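Chemist: Please read through the structure below; I'll follow up with questions.
The values are calculated or read from the model by the stated rules, or taken from the named source; none is laboratory data. Source: prediction; values computed, not measured. Glycine also receives a Cβ, built like all others from the backbone with ideal geometry; neighbour counts cover every protein chain displayed. We work out accessible area using only protein heavy atoms, side chains counted, and drop any ligands, DNA or RNA first. Shrake-Rupley method; radii C 1.70, N 1.55, O 1.52, S 1.80 Å.
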Amino acid sequence: MEDFWAVTLWGLRIWLYLILALIMVPAMFGFSLGISETYMTFLVKTLEWATLKLRKNTEKQALRASTSSGLIQRGNGSMEKEFEELRRSRPKQPLGGDFTLSDSFYFTRQGIESIVEDEVTQRFSSEELVSWNLLTRTNNDFHYISLKLTLVYSLGVLVRYCILAPLRITLATIGLSWLVIGTSAVGLLPNSRVKYWLSEWVHVMCYRICARGLSATIRYHNKENKPQKGGICVANHTSPIDIVILCNDGCYAMVGQIHGGLMGVLQRAMVRSCPHVWFERAEMKDRHLVAKRLRDHVNDKTKLPILIFPEGTCINNTSVMMFKKGSFEIGGTIYPVAIKYNLKFGDAFWNSSKYNIVSYLLRMMTSWALVCNVWYLPPMHQQEDEDAVQFANRVKSAIAHKGGLVDLQCLVSFTPSGVQAMAMSAPTATRPAAPEEMGMAVDQS
């Protein structure tokens with residue numbers, strides 16, 4: 001028994017040494033040993049082979065690839081055929097008329113389908129791939145194809161759950177632990193340039209370790225437009241991981257409500273070393289206090305740029321929803337950022353009505369990888385002849401155009417249980433923005 005525990009401790013020690021030498025040290029200093037690139041090259045070739053295999057078997061097995069979210073299976077019949085089917089069981093025709101109550105069923109069903117599967121609703125469900133990427137959750141329409149593909153899929157399950165998942169969980173645990181310990185230690189130092197430099201280095205280092213824990217491959221474009229101190233960074237929102245993606249290339253000040261539990265521990269540790277803007281629940285109801293604190297932060301050009309997601313909720317990365325105007329009434333320079341994920345390697349969208357945060361993170365850690373592009377857009381300022389709503393729409397359109405996303409104009413009401421009501425319309429300016437209209441990152445995610 002003692003030999004068993006000795007071997008186990010030896011194996012654990014070797015595991016941690018390898019993680020430290022091959023992953024953590026390169027992540028801390030922002031370079032790579034080429035392991036991720038080799039893994040991605042092999043993964044791309046494997047998925048290309050699987051795609052070709054599927055195409056060869058499509059004609060033989062008559063598989064149908066879904067191109068929508070699959071909420072409703074629509075028929076291809078015409079209205080006349082639908083009426084014929086409905087009238088087969090209708091009662092005898094009354095004299096003097098050719099109408100029965102069943103005639104209204106067709107229009108009722110069409111109306112309900114349009115409500116349930118409109119352009120807005122589809123943005124709150126995961127986008128379905130046309131071709132299978134060897135993940136069960138993106139294979140709704142494909143079943144058994146061939147023995148070779150089944151063996152490759154089985155090997156992939158073994159790799160993802162027995163090798164990648166433990167590695168990623170270990171890296172995420174280390175990254176978050178170091179974030180708490182590092183920021184708490186830096187917070188003990190007196191305010192100085194050295195403290196602020198150490199704070200930024202600790203934040204970026206820990207976020208890079210967490211990004212390696214997701215096998216993240218990120219390409220940053222137009223770095224000359226990176227958000228500067230005293231500004232406001234606004235981006236489209238797909239997942240809480242958006243924060244890790246952006247902070248992997250620079251440090252930001254977060255905005256949100258104070259939480260309890262693990263999130264509260266992270267918030268209290270982070271604010272000791274960096275001027276994040278956290279609010280108590282009672283303060284969140286005071287829109288003037290919230291606006292004043294944010295405005296004071298922006299006016300101090302020595303403080304980090306504020307990171308805000310004006311959509312206020314996660315969208316499935318196919319479009320950009322209406323930006324809430326509160327973020328654009330503060331003043332200062334707006335730095336738009338567009339984030340686009342590659343669905344082929346894993347779905348980064350967090351459907352909060354379907355998965356809690358733990359289940360979502362486990363799904364991400366058992367995906368192949370996280371691949372995305374980040375575009376820094378030129379800074380934008382509010383013009384003299386436009387209000388906050390018009391300015392928000394202009395920024396939103398720029399982000400959608402750069403990221404290749406659909407620019408949607410809509411009004412959506414959110415409740416703790418999800419989307420309550422929605423209507424397609426152009427936004428209009430009304431009362432001053434409430435704190436929840438700021439689209440704060442941590443509070444919503």
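Chemist: Summing +1 for each Lys or Arg and -1 for each Asp or Glu, what net charge is found among the other residues whose Cβ lies under 13 Å from the Cβ of Ile23? Numbers along the way, then the final one.
Modeler: Details: positive: Arg168, Arg208, Arg212; negative: none.
Charge balance near Ile23 sits at +3.
Chemist: For Phe42, what accessible surface area do you get with a 1.4 Å probe? Give it in Å², rounded to 10.
Modeler: 140
Chemist: A follow-up question, please. Cα-Cα over 20 Å: which of Lys195/Lys301; Lys53/Lys344; Lys324/Lys354; Lys324/Lys396; Lys226/Lys325; Lys303/Lys324?
Modeler: Details: Lys195/Lys301 17 Å; Lys53/Lys344 16 Å; Lys324/Lys354 24 Å; Lys324/Lys396 10 Å; Lys226/Lys325 22 Å; Lys303/Lys324 24 Å.
Violating the 20 Å Cα-Cα cut-off are Lys324/Lys354; Lys226/Lys325; Lys303/Lys324.
Chemist: Return the lysines within reach of Lys56: Cα separation strictly under 18 angstrom, same-chain partners fewer than 8 residues apart disregarded; answer none if there are no such residues.
Modeler: Lys45, Lys148
Chemist: Let me ask you something else. Cut-off 17 Å, label point 7 angstrom out along Cα-to-Cβ of Ser32: give me the residues of the stretch 360-379 whose amide nitrogen falls inside.
Modeler: Once the point is set 7 Å along Cα→Cβ of Ser32, 368-375 turn out to lie under 17 Å by backbone N, inside the stretch 360-379.
Chemist: Among DSSP beta bridges whose residues both lie in the stretch 313-415, state the antiparallel percentage, nearest 5. Don't skip to the end; give the middle numbers.
Modeler: On the way: 6 of 8 bridges.
Close to 75 percent.
Chemist: For the full complex of protein chains and a 1.4 angstrom probe, list Trp15, Trp5 by accessible area with the highest value first.
Modeler: On the way: Trp15 90, Trp5 140 Å².
Order by accessible area, largest first: Trp5, Trp15.
Chemist: So who's got an amide H within less than 5 Å of the one on Lys324, skipping anything under 5 residues away but keeping other chains? H placed 1.01 Å off N, in plane.
Modeler: Glu311
Chemist: Between Glu2 and His221, take the C-beta separation as r, use R0 = 60 Å, and let me know the FRET efficiency to the nearest 0.05. Before the final figure, lay out each step's value.
Modeler: On the way: r = 56 Å, r/R0 = 0.93.
Calculated transfer efficiency: 0.60.
Chemist: Could you pull the Rg and Dmax for the stretch 223-366, using just the Cα atoms, both in Å?
Modeler: Using the Cα atoms of the stretch 223-366, the pair Rg, Dmax is 15.6, 44 Å.
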